Amino acid sequence: MKLIKNIFKTVFIILVIISCDENRDLDFLDTIAPPTNVSATFDVTQDNTGVVTITPNADGANSYEVVFGDGSDNVTILAGESVEHTYAEGNYDVTIRAFNIKEDVTEATVPLVVSFMAPSNLVTTIENDAAISKQVNVTVTADYAVSYDFYSGEPGITDPVATANIGETVSYTYTNPGTYSLRIVVKGAAIQTTEYTEDFEVTEILQPIASAATPPTRNPQDVISIYGSEYDNVAGTDTFPDWGQAGQGSSWGTFTLNGDDMLQYTNLSYQGIQFGAPQDVSAMEYIHLDVWTSANADITRLETSLISVSNGEKPVWSDLTAGEWTSIDIPISDFTDQGLTVADIHQLKFVGDPWAAGTVFIDNIYFYKSPSSTVVSGIQDFEGTAPTFTVFGNIAATEVVANPDPTGANTTANVAKLTKTNGSEVWAGTFFEVGSPLDLTNFSKIRVKTWSPKNGAQVKLKLENADASVTYEQDLNTTVANAWEELTYDFSGAPAGDYVRIVIFFDFGNAGDDSLYYYDEIALIDDSGGPAPLSFQDFEGTAPTFTVFGNIAATEVVANPDATGVNTTANVAKLTKTNGSEVWAGTFFEVASPLDFNTYSKISVKTWSPKNGVVVKVKLENADASVTYEQDLNTSVANAWEELVYDFSGAPAGDYVRVVIFFDFGNPGDDSLYYFDEYTLTN
């Protein structure tokens with residue numbers, strides 16, 4: 001019985017020897033996996049003889065060994081072959097051993113009932129598939145049965161469309177929805193069969209059963225969102241303006257799926273979206289939208305038009321994939337190459353092809369660009385609670401007032417006003433303090449928008465720590481009078497210090513003359529040319545689902561226990577290395593879309609540890625953990641927050657969606673508390 005296996009083995013050894021003689025690479029053998037999905041189908045003769053034809057099947061198998069389960073000798077056959085065996089009445093466990101070319105084996109047992117009684121106690125389940133349009137799933141169980149034939153009831157089809165072992169499921173996809181007379185013939189070893197018939201309505205899925213993919217996290221300056229829940233949308237946008245579509249038989253509405261709203265355009269002829277205000281999308285690179293249409297493919301193409309206030313509209317057509325979400329990204333250049341001005345886009349228009357013939361669902365409509373090369377982190381914009389100002393040198397109190405000239409470089413509502421009072425000292429000025437030290441590690445410059453009544457007025461910006469023992473200042477001159485402009489100060493040479501005080505002087509060196517000066521929009525700037533750091537989890541919104549492993553307590557999102565230093569955020573994640581946990585214990589969460597390692601190469605994590613020198617391991621995995629990459633770093637402080645930056649430039653290509661973290665890896669649990677926060681992609 002082992003003859004076939006031995007022949008395969010001999011041939012395989014000969015091939016290996018020849019390959020070695022020719023110095024060929026045999027590493028490919030390591031990639032040959034053992035067989036999977038091992039099973040068998042039974043076909044029994046309906047003549048009370050007990051003759052059963054057994055056909056093994058598996059993925060990746062070259063041969064099979066069949067163990068009949070009745071004490072008979074085993075039989076070995078090639079893939080694709082069947083074996084016939086005669087059984088007495090009874091219940092049997094037929095074992096199928098599947099072998100690949102290396103003789104790796106995978107085994108499965110399939111039950112077999114041989115009875116000369118007609119099948120009875122028939123239980124039939126017929127259901128429309130929840131995910132696949134017009135697919136029907138049929139499962140049959142019965143006593144004294146071996147297999148069943150499924151007749152679809154479609155006109156002109158008289159033979160069974162599928163045969164399966166009893167207890168297994170048949171899945172069959174119809175061409176058209178409708179009501180069909182289904183017939184099921186259940187067979188055993190007896191001459192007599194048992195039949196079941198039912199008139200069943202086959203349905204078509206006419207709307208999405210899952211939401212479109214969640215858009216990736218983007219910096220606010222890199223996206224202009226029109227519709228969706230991931231980004232802030234343009235205020236006042238009307239997604240259902242009445243442009244007369246009803247006259248074409250079209251209608252529109254909002255479809256909600258598990259709390260996720262999306263646009264539904266029925267019998268789409270044309271439909272529009274009116275923005276709350278015209279948008280300059282000239283700095284954007286693409287317009288994105290997700291579109292779903294039914295498996296009937298009533299609409300095969302969608303036209304997307306950008307409409308300019310100044311020079312009309314231009315269309316771009318996109319093909320749609322029936323029965324699933326189509327993710328569409330249209331380059332803005334496809335519109336500008338047609339001569340369209342995109343600095344004043346105020347409407348979108350969609351057209352279906354064929355005209356007014358089907359329904360589409362649309363979600364996540366936004367313009368976007370690659371991460372900005374200039375990173376901006378606001379310090380103070382005077383739009384919320386005003387800071388406490390301290391003036392010096394005999395000048396009037398600094399006030400937050402309405403912007404006296406909301407044009408040009410600064411159209412914000414509120415600004416700070418400084419009055420160089422007549423008789424004030426030449427060194428007079430004002431300062432305020434910020435809640436946490438300015439980050440001059442990741443940012444090297446500070447931008448301030450200023451308004452001066454004089455061209456060439458000197459504007460001095462000075463930073464100080466809390467007791468003014470560490471200071472650094474820079475001077476710039478205004479280049480316009482009676483207008484806003486943006487001044488950018490270089491603080492790359494500032495000595496190390498916890499700078500929390502911002503001092504500003506206007507026209508330094510000149511005595512006061514009751515002149516009015518204004519300033520606003522103070523922000524940290526990094527224009528080194530790299531993409532903006534991209535936060536992908538800060539635990540401030542809906543907490544992710546954590547999965548712990550290695551016998552540790554559940555990971556929780558809690559209030560920051562030490563909101564000082566490099567992390568003053570409200571919420572953080574807490575990990576407890578439970579007493580008795582495994583040395584490899586940890587936790588992980590998943591992100592909605594794969595991490596972008598085409599743009600970024602590193603991940604920054606803020607951590608808090610009760611110990612100095614603790615190993616913190618960050619590991620990335622794809623959805624099934626078949627592709628992974630990990631990096632280790634050590635904490636350098638105890639009982640304080642610090643930022644650890646992990647280099648993932650060597651990670652193999654993969655859709656990394658799972659983020660795993662371990663603290664004090666290699667040491668058993670001792671009930672220590674660790675915290676982590678602010679996961680950010682960076683370079």
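The values are calculated or read from the model by the stated rules, or taken from the named source; none is laboratory data. From a predicted model like this one, the values you see are computed outputs, not experimental measurements. Keep in mind that these areas ignore ligands, DNA and RNA; they rest on the heavy atoms of the full protein, side chains included. Shrake-Rupley method; radii C 1.70, N 1.55, O 1.52, S 1.80 Å.
In a Debye calculation with equal point scatterers on the alpha-carbon sites of the stretch 478-593 and no solvent, what is log10 I(q)/I(0) at q = 0.19 Å⁻¹?
-1.18
How many angstrom separate the Cα center of the stretch 379-430 from the Cα center of the stretch 177-192?
If you average the Cα positions of each part, the centres end up 86 Å apart.
With only alpha-carbon atoms counted, please give the Rg and Dmax of the stretch 594-680, in Å.
That works out to 13.4, 39 Å for Rg and Dmax.
Please report the accessible area of residue 629 (heavy atoms, 1.4 Å probe, ligands and nucleic acids excluded) in Å², nearest 10.
60 Å²
Cα atoms only, the stretch 185-238: Rg and Dmax in Å?
Here Rg and the maximum Cα pair distance are 26.4, 76 Å.
Could you do me a favour and compute the accessible area per residue for the chain, 1.4 Å probe, result in Å²? Don't skip to the answer; put the middle values down first.
Working: 30900 Å² over 683 residues.
Accessible surface, normalised per residue, equals 45 Å².
Name the long-range amide H neighbours of residue 566: under 5 Å, sequence gap of 5 or more, or other chain; modelled H, no Pro or chain starts.
Distant-sequence amide H within range of residue 566: 641.
Evaluated at 20 °C with a viscosity of 1.002 mPa s, what Stokes-Einstein diffusion coefficient in µm²/s does the stretch 226-322 have when Rh comes from the Kirkwood expression over alpha-carbon pairs? Intermediate values should be presented prior to the final figure.
Numbers: Rh = 15.2 Å.
My calculation gives 141 µm²/s for D.
For residue 162, what residues show an amide H to amide H distance below 5 Å, using hydrogens built from the backbone and excluding near sequence neighbours?
Close amide H contacts, sequence-distant or interchain: 150.
Can you give the % of DSSP beta bridges in the chain that are antiparallel, to the nearest 5?
Working: 205 of 206 bridges.
Antiparallel: roughly 100 percent of the beta bridges in the chain.
For all pairs of alpha-carbon atoms in the stretch 96-247, what percent lies in each bin of width 5 Å, listed from the first bin to the last filled one?
Calculated P(r), rounded to whole percents: 2, 7, 12, 11, 10, 9, 9, 8, 7, 6, 6, 5, 4, 2, 1, 0.
As an exercise, find the ratio Rg/Rh for the stretch 58-127 from alpha-carbon atoms, using the Kirkwood inverse-distance average for Rh.
On the way: Rg = 15.0 Å, Rh = 14.0 Å.
With Rh from the inverse mean 1/r over Cα pairs, Rg/Rh is 1.07.
How large is the Rg to Rh ratio of the stretch 407-469 when both quantities use alpha carbon positions and Rh follows Kirkwood? Working shown, then result.
Working: Rg = 14.6 Å, Rh = 15.0 Å.
Reported Rg/Rh, Kirkwood definition of Rh: 0.97.
If each DSSP helix of 4+ residues adds -39,500 (n - 2.57) and the sum is divided by the residues in the chain, what number results at 222 nm, nearest 500 deg cm²/dmol? The partial results should precede the final answer.
Numbers: 2 runs with 23 residues, N = 683.
Calculated mean residue ellipticity at 222 nm is -1000 deg cm²/dmol.
Whole Å is fine, so just give me how far the alpha carbon centre of the stretch 114-168 lies from that of the stretch 207-268.
When both Cα centres are located, 42 Å separates them.
Across the stretch 615-632, in residue order, what do the Karplus-derived ³J(HN,Hα) couplings come to in whole Hz, using 6.51 cos²θ - 1.76 cosθ + 1.60 with θ = phi - 60° and x for Gly and Pro?
6, 10, 9, 10, 10, 10, 9, 7, 4, 9, 6, 7, 10, 9, 7, 9, 9, 10
Please express the Cα-Cα pair-distance distribution P(r) of the chain as a list of whole percents, one per 20 Å bin, running from 0 to the bin with the greatest distance.
Bins of 20 Å from zero give 13, 29, 34, 16, 7, 1 percent of pairs.
For residue 648, what residues show an amide H to amide H distance below 5 Å, using hydrogens built from the backbone and excluding near sequence neighbours?
Counting only residues 5 or more places away or on other chains, the set is 602, 603.
Using a probe of 1.4 angstrom, how much of the accessible area of the chain is carbon and sulfur, in percent?
C and S atoms contribute 47 percent here.
When only alpha-carbon atoms count, how far does the stretch 414-539 stretch along each of its three principal axes, as whole angstroms with the largest first?
Largest first, the stretch 414-539 extends 51, 32, 28 Å along its Cα principal axes.
Excluding residues on the same chain fewer than 8 positions from residue 417, give the lysines whose Cα lies under 29 Å from its Cα.
Excluding near neighbours in sequence, the set is 445, 449, 454, 460, 462.
With θ taken as phi - 60° and the coefficients 6.51, -1.76 and 1.60, list the Karplus ³J(HN,Hα) couplings across the stretch 156-169 in order, rounded to whole Hz; mark glycine and proline as x.
Couplings: x, 10, 9, 8, x, 8, 7, 10, 9, 5, 4, x, 8, 9 Hz.
What is the angle, in °, between the Cα long axis of helix 3-21 and the longest principal axis of the Cα atoms in the chain? Nearest 10 is fine, range 0 to 90.
40 degrees
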